[in-house]
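As structure tokens, the structure follows; a few thoughts come after it.
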Amino acid sequence: MRRLNCFVQVQASILPYWDHVLGYWKASLEHPGKILFLKYEEMVDDTVLYVNKLAEFIGHPFSVEEQQQGVPEKIVKMCSFENLSSLEVNKSGKVVRGEIQNKMYFRKGKVGDWKNHLTPEMAAWWDQITLQKLSGSNLSL
């Protein structure tokens, strides 16, 4: 229970996260040409599709030639978790103030890895907060 209480205290400090997410969700519905709302799990399922969507969204779709040359796939590889987490700056670098190492931002990059870090009680608490915060928004995560 002590671990859950610590978790709740830490999470309470970031609960404005949901307000932030919902703000962008609503804005993406109101201004779909200006805000592209993406979900990590969906991007992981079909990364190349979302690279193409992003290129189109910013007004620079890939040409047929670029598609044939595999440019979207090369971008996915260059921006992959495996590649980015292996860069020296992300292994040994620090945030500007030097207090937090860059490697702290990398775990495994796998959907569902939270199960290895949260107890069932923590997950239930997080789910409850999520449902409460997203209620009536038509946003599902």
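Could you identify the single residue in Glu88, Glu73, Glu66 that is in contact with a Pro (Cβ under 8 Å, 6 or more places away or on another chain) and either hydroxyl-bearing (Ser, Thr, Tyr) or over 16 Å from Gly109 (Cβ atoms) (or both)?
On the way: Glu88 fails: in contact with a Pro (Cβ under 8 Å, 6 or more places away or on another chain); Glu73 fails: in contact with a Pro (Cβ under 8 Å, 6 or more places away or on another chain).
That would be Glu66, the only listed residue that is in contact with a Pro (Cβ under 8 Å, 6 or more places away or on another chain) and either hydroxyl-bearing (Ser, Thr, Tyr) or over 16 Å from Gly109 (Cβ atoms) (or both).
Return yes when Val21 is under 13 Å from the mean Cα position of the chain (by Cα) and in a helix (DSSP H, G or I) and no when it is not. Working first, answer last.
Numbers: under 13 Å from the mean Cα position of the chain (by Cα): yes; in a helix (DSSP H, G or I): yes.
Yes; evaluated as a whole, the condition is true for this residue.
Being touching a residue at least 24 places away in the same chain (Cβ under 8 Å) and farther than 23 Å from Val21 by Cα: is that true of Glu88 here? Walk me through how you get there before you give the answer.
On the way: touching a residue at least 24 places away in the same chain (Cβ under 8 Å): no; farther than 23 Å from Val21 by Cα: yes.
So Glu88 does not fit the description; no.
So if I check each of Leu139, Leu29, which one is of a type in the set (A, V, I, L, M) and without any contact (Cβ under 8 Å) to a residue 60 or more places away in the chain?
On the way: Leu139 fails: without any contact (Cβ under 8 Å) to a residue 60 or more places away in the chain.
Only one candidate passes the filter, namely Leu29.
For Asp19, state whether it is open to solvent by 70 Å² or more (accessible area, probe 1.4 Å) and in contact with a helix residue (DSSP H, G or I) (Cβ under 8 Å, 6 or more places away or on another chain). Spell out how you get there, then give the answer.
Details: open to solvent by 70 Å² or more (accessible area, probe 1.4 Å): yes; in contact with a helix residue (DSSP H, G or I) (Cβ under 8 Å, 6 or more places away or on another chain): yes.
Answer is yes for this residue.
Kindly establish whether Ile35 is outside any helix (DSSP H, G or I) and modelled with pLDDT under 90.
Spelling it out, it is not the case that Ile35 is outside any helix (DSSP H, G or I) and modelled with pLDDT under 90.
Can you name every one of the helices (runs of 4 or more DSSP H) wholly within segment 43-141 that holds 2 or more residues which are surrounded by 13 or more Cβ atoms within 10 Å (Cβ to Cβ) and modelled with pLDDT of 90 or more? So that I can check it myself, show each step before the final result.
Working: elements: 47-57, 64-68, 71-78, 81-86, 88-92, 120-134.
Filter on segment 43-141 gives 47-57, 64-68, 71-78.
The values are calculated or read from the model by the stated rules, or taken from the named source; none is laboratory data. Note that the structure is a prediction, hence the values are computed from the model and not measured. Backbone-built Cβ (ideal geometry, glycine too); neighbour counts: all protein chains shown. The accessibility values were calculated without ligands, DNA or RNA, using every heavy atom of the protein model including side chains. Shrake-Rupley method; radii C 1.70, N 1.55, O 1.52, S 1.80 Å.
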